[in-house]
Amino acid sequence: MTDFAVTDDKVRLHVEDTSEGTPIVFIHEFGGDQRSWEPQVRYFSRRYRCITFNARGYPPSDVPEDVSQYSQVRAVDDIRDVMDHFKIARAHIVGLSMGGFAALHFGMAYPDRALSLVVASAGYGAEKKFEDYFKEVSLEVADQFESQGSESFSHTYGMAASRVPFLLKDPSGWSEFRRMLGEHSAKGSAHTMRGVQAERPSLYDLEDSLGKITAPTLVVVGDEDDHCLKPGIFLKRAIPACGLHVLPKTGHTINLEEPDLFNCGLAEFFAMVEEDRWLPRDPRSKPSEIMKTR
């Protein structure tokens, strides 16, 4: 079922509701949209109710004119508003990259509404030594979307280092990703870069809040997505009930690049969560201990 959810600041978000069962809400990355979750919807809709939506700025969702209407806080509240639209009290929250940050912040802001969190390919801008550079390059990306248009700039943006593994493994899949990126609103992409990406806080500044996350959490990264690896390890250590799933020879577009491995990892995680078996680390398993002598 296709519909529009209206947020509390009157922005219409294009939503799709597929199948029945325990709900999963998927939040897309900057370079993708709700279509990017098709391999996951086809797999998980056999057992779960799958909700996807286009973020604000991504048609057919509305594209607000004012950049102040785009922020990390707003992205989190949009997830809440989509869930409210469907009268969903709690759901598994799955996010990739920009969506992974939103999922993580959702777990901190609305702990009673997350059955679990999947934080995939999240880390860009988190590393403190690259913080200023990430903001600068985000603003440059925004400028390029506006000056070149999405179609033209998609050929450059789609060739970022962490997208190359996808291109090498699956040229057809990468071409489809690049084509969809080229269909995005240049204005919406620019405003998202300026308001969300460039302004979100570093994960390392959120350590205390991360330590209070109550939802079972799975962090998923590719080992050739260099700027997500260290943040992924940091999240594993900071969040109480957190596991880290690293996919070998894999880049940033992880759910499309390795859909089978991604889906199987999430399926096992959901099963463990639903049996209350995804627990915080046992205090007897001390990170500082190498071998026991007495």
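If you go through the range 25-46 and keep only what is β-branched (V, I, T) and within 13 Å of the chain's Cα centre (by Cα), you end up with V25, I27. Of the residues that make up the range 91-99, is at least one under 20 Å from the mean Cα position of the chain (by Cα), surrounded by 19 or more Cβ atoms within 10 Å (Cβ to Cβ) and among the hydroxyl-bearing types (S, T, Y)? For the range 91-99, residues under 20 Å from the mean Cα position of the chain (by Cα), surrounded by 19 or more Cβ atoms within 10 Å (Cβ to Cβ) and among the hydroxyl-bearing types (S, T, Y): present.
For (1) aliphatic (A, V, I, L, M); (2) touching a residue at least 60 places away in the same chain (Cβ under 8 Å), each residue gets a yes or a no:
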{"position": "K230", "(1), (2)": "no, yes"}
{"position": "V246", "(1), (2)": "yes, no"}
{"position": "F269", "(1), (2)": "no, yes"}
{"position": "D276", "(1), (2)": "no, no"}
{"position": "R281", "(1), (2)": "no, no"}
{"position": "R284", "(1), (2)": "no, no"}
{"position": "S288", "(1), (2)": "no, no"}
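Within the range 47-61, if we keep just the residues that are basic (K, R) and farther than 27 Å from G125 by Cβ, the residue that is nearest to the chain's Cα centre (by Cα) turns out to be R49. Within the bounds of the range 68-77, is there any residue that is crowded, with 18+ Cβ neighbours inside 10 Å, among the aromatic types (F, W, Y), within 12 Å of the chain's Cα centre (by Cα) and closer than 23 Å to H184 by Cβ? No, the range 68-77 contains no residue that is crowded, with 18+ Cβ neighbours inside 10 Å, among the aromatic types (F, W, Y), within 12 Å of the chain's Cα centre (by Cα) and closer than 23 Å to H184 by Cβ. Collect the residues in the range 257-294 that are of a type in the set (S, T, N, Q) and surrounded by fewer than 10 Cβ atoms within 10 Å (Cβ to Cβ), keeping them in residue-number order. Listed by number, the residues that qualify are S285, S288, T293. Hey, does the range 263-274 have a residue that's part of a helix (DSSP H, G or I) and in contact with a helix residue (DSSP H, G or I) (Cβ under 6 Å, 6 or more places away or on another chain)? Yes - at least one qualifying residue is present in the range 263-274. With respect to (1) out of contact with any Cys (no Cβ under 9 Å at 6 or more places or on another chain); (2) at pLDDT 95 or above, the lone exception for S121 is condition (1). Of the set (1) over 22 Å from Y124 (Cβ atoms); (2) at pLDDT 95 or above, all apply to C242 but (1).
Quick grid of which residues meet (1) surrounded by 22 or more Cβ atoms within 10 Å (Cβ to Cβ); (2) over 29 Å from A161 (Cβ atoms):
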{"residue": "E16", "(1), (2)": "no, yes"}
{"residue": "T22", "(1), (2)": "no, yes"}
{"residue": "G31", "(1), (2)": "yes, no"}
{"residue": "P39", "(1), (2)": "no, no"}
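State yes or no: is T250 among the hydroxyl-bearing types (S, T, Y), in a loop (DSSP other than H, G, I, E, B) and loosely packed, with under 12 Cβ neighbours inside 10 Å? Judged against the criteria, T250 is not a match. When G21, G31, G57 are checked against the criterion of being assigned to a loop (DSSP other than H, G, I, E, B), at pLDDT 95 or above and in contact with a Leu (Cβ under 6 Å, 6 or more places away or on another chain), a single residue qualifies: G31.
A single member of K135, K129 is touching a Gly at 6+ places or on another chain (Cβ under 8 Å), in a helix (DSSP H, G or I) and more than 23 Å from Q34 (Cβ to Cβ), and it is K135.
Residue-by-condition table, conditions (1) within 23 Å of R74 (Cα to Cα); (2) among the basic types (K, R):
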position: F106; (1), (2): yes, no
position: D112; (1), (2): yes, no
position: G149; (1), (2): no, no
position: M159; (1), (2): no, no
position: R178; (1), (2): no, yes
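Within the range 73-112, the set of residues being outside any strand (DSSP E or B) and among the β-branched types (V, I, T) comprises V73, V76, I79, V82, I88.
The single condition among (1) farther than 30 Å from F145 by Cβ; (2) surrounded by 14 or more Cβ atoms within 10 Å (Cβ to Cβ); (3) at pLDDT below 95 that E199 does not meet is (1).
Scanning the range 1-12 for residues that are crowded, with 19+ Cβ neighbours inside 10 Å and either out of contact with any strand residue (DSSP E or B) (no Cβ under 7 Å at 6 or more places or on another chain) or within 19 Å of Q197 (Cα to Cα) (or both) turns up just one, V11. Here K286 fulfils each of the conditions (1) touching a helix residue (DSSP H, G or I) at 6+ places or on another chain (Cβ under 8 Å); (2) part of a loop (DSSP other than H, G, I, E, B); (3) not aliphatic (A, V, I, L, M) apart from (1).
The values are calculated or read from the model by the stated rules, or taken from the named source; none is laboratory data. Predicted model, so just to flag it, every value in this text is computed and none were measured. A quick note on method: Cβ atoms are made from the backbone with ideal geometry, for glycine too, and the neighbour counts reach across all protein chains shown.
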